[in-house]
Amino acid sequence: MGLFGSFTKSKKESLDQGLSKTKESVFKKLGRAIVGKSKVDDEVLDNLEEVLITSDVGVDTTLKIIRRIEERVSKDKYFGVDELNTLLKEEIAALLDENNSSDDADFDLPQSDLPYVIMVVGVNGVGKTTTIGKLAYNFKKNGKKVVLGAADTFRAAAIDQLQIWADRVNVPLIRQSMGSDPASVAYDALASAKASGADVVIIDTAGRLHNKINLMNELTKIKNVMQKIVPDAPHEVLLILDGSTGQNAFEQAKQFTKATEVSALALTKLDGTAKGGVVIGISDQFKIPVKYIGIGEKMEDLQVFRRKEFVESLFS
C-alpha cells in the first residue's frame with residue numbers, strides 16, 4: 001500500500017467537499033450557458049468558453065478544451081446539451097492525462113540506501129509550511145522516517161512555524177538561527193538524515209520573489225551543497241501554489257519555473273475557493289505534474305492528485 005493507500009470512500013467524500021465551492025459555481029454558470037438550448041451549437045460553445053475562463057481555467061487552456069469539444073460535436077453531428085457534461089469531463093480528463101504522469105494512487109518512495117530529498121519552493125502565505133507538515137505526517141503514517149530542514153532562514157517565523165509542525169508530527173527538524181546560510185541548513189539536514197537512516201528529507205526554502213536572480217542563485221547553491229551528501233539531490237522540487245488566488249497562481253508558477261527546475265506542483269486551499277479550475281490550467285500550461293492538492297484543514301486533507309477523480313468530482 002502506498003502513501004495514501006487506495007482511493008477510499010472517505011477520501012472521495014473529502015474531495016467532493018473540498019471542491020464544493022468550485023463545483024457549485026461551475027454548475028450555476030453551466031446551467032445559464034445552456035438554458036433554453038437542446039443541442040450544442042456555437043452559442044452554447046461561446047457560453048461554455050466564458051464559463052471556463054471565469055472559473056480560472058485560463059484562456060489558452062479554455063480555447064484548447066473548446067476546440068476539442070468542437071471537433072467532437074462536428075464529427076458526431078449531434079450532441080444534446082444533456083451530454084455536454086460528459087463531453088466536458090472526458091476532454092478535461094484527457095487533457096490532464098497528457099500533462100500528468102500516471103496518477104500516484106499508491107505513491108511510495110523509490111527504493112534507495114540514501115534519503116529521498118524534496119526541496120519545497122513557493123512564496124510566503126501559500127500554505128508552504130502547512131503542506132510540508134502534512135507531507136511529513138503522511139509519509140510517517142506510511143512507515144517512513146522523515147527529517148525536515150528549515151532552510152528558509154530569511155524569516156524567523158518560518159523556522160518557528162516549521163518547528164510547531166515538526167513537534168506536532170513528531171519528526172526531527174534541523175534548524176539554525178535566522179539569517180544563517182540556507183545551504184548550510186540543507187547540508188546539515190541531509191547529513192543528519194543520512195546518518196540516522198531516514199527515508200525522506202523535506203527542505204523548506206525562502207518564499208520570496210523580489211529578486212529572481214538572488215532566488216535562483218540561492219536555490220542553485222542549496223542544490224549543489226546537498227549533492228555533496230546525496231549525489232542526485234534533490235529528487236523532487238515541489239512548487240506550492242495557493243489555488244484560491246486563481247490567475248495569480250499562474251504568475252507565481254511562471255516566475256518559479258524560470259528561477260529553478262520545478263518537477264511537481266501542489267495546489268493548496270482549494271476548499272476555500274470557487275477557483276478550483278486553476279488546477280486544470282496550470283497543469284496544461286506548465287506541463288508539470290500536479291502531485292498534491294490541499295482540500296481542507298485536516299492532516300489527511302492533503303491528497304495525492306488523481307486526475308480522473310478530480311474531474312469526476314468537479315463535473316458530476
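The values are calculated or read from the model by the stated rules, or taken from the named source; none is laboratory data. All values derive from a computational prediction rather than experimental measurement. When we count neighbours, we look across all protein chains shown, and the Cβ atoms used for this are built from the backbone with ideal geometry, even at glycine. Accessible surface areas use protein heavy atoms only, side chains included; no ligands, DNA or RNA. Shrake-Rupley method; radii C 1.70, N 1.55, O 1.52, S 1.80 Å.
With a/c under 1.5 counting as rounded, go ahead and sort segment 92-217 into rounded, prolate or oblate using the C-alpha gyration tensor (a ≥ b ≥ c being the square roots of the eigenvalues; past the cut-off, prolate if a/b is larger than b/c, else oblate).
Working: a/c = 1.73, a/b = 1.18, b/c = 1.46.
Because a/c hits 1.5 or more and a/b fails to exceed b/c, segment 92-217 counts as oblate.
Across Pro231, Pro289, Pro115, mean-square fluctuation computed from a Gaussian network of the chain (C-alpha pairs under 10 Å connected) peaks at Pro231. Hey, which of these cross-link pairs are over 18 Å Cα-Cα: Lys64/Lys287; Lys12/Lys287; Lys11/Lys275; Lys28/Lys275? Where the Cα-Cα span goes over 18 Å, the pairs concerned are Lys12/Lys287; Lys11/Lys275. For the chain, the solvent-accessible area with a 1.4 angstrom probe is 43 square angstrom per residue. Close Lys pairs in segment 184-265, defined as Cα atoms under 19 Å apart and 8 or more places apart or on different chains, number 8. When DSSP beta bridges are limited to those with both residues in the chain, what percentage is antiparallel, rounded to the nearest 5? Roughly 15 percent of the DSSP beta bridges within the chain come out antiparallel. You can think of it this way: the chain between Ser196 and Ala157 has 11.3 nm of extra reach, that is 0.36 nm per residue less the Cα-Cα gap.
When the Gaussian network model of the chain links Cα atoms closer than 10 Å, the mean-square fluctuations of Leu84, Leu241, Leu267 top out at Leu84. Within the assembled protein chains, the solvent-accessible surface assigned to Asp167 is about 100 Å², based on a 1.4 Å probe. A DSSP coil position with no more than 16 other Cβ atoms inside 10 Å describes the following trypsin sites (Lys or Arg not before Pro) in segment 161-244: Arg208, Lys228.
Note on the chain: with a GNM built from Cα contacts shorter than 10 Å, the maximum mean-square fluctuation among Val120, Val279, Val262 falls on Val262. The simple Förster model, with R0 at 35 Å and r as the Cβ-Cβ distance, assigns Asn224 and Ser10 a FRET efficiency of 0.25. Counting 0.36 nm for each residue step from Asp46 to Glu236 and taking away their Cα separation leaves a gain of 64.4 nm.
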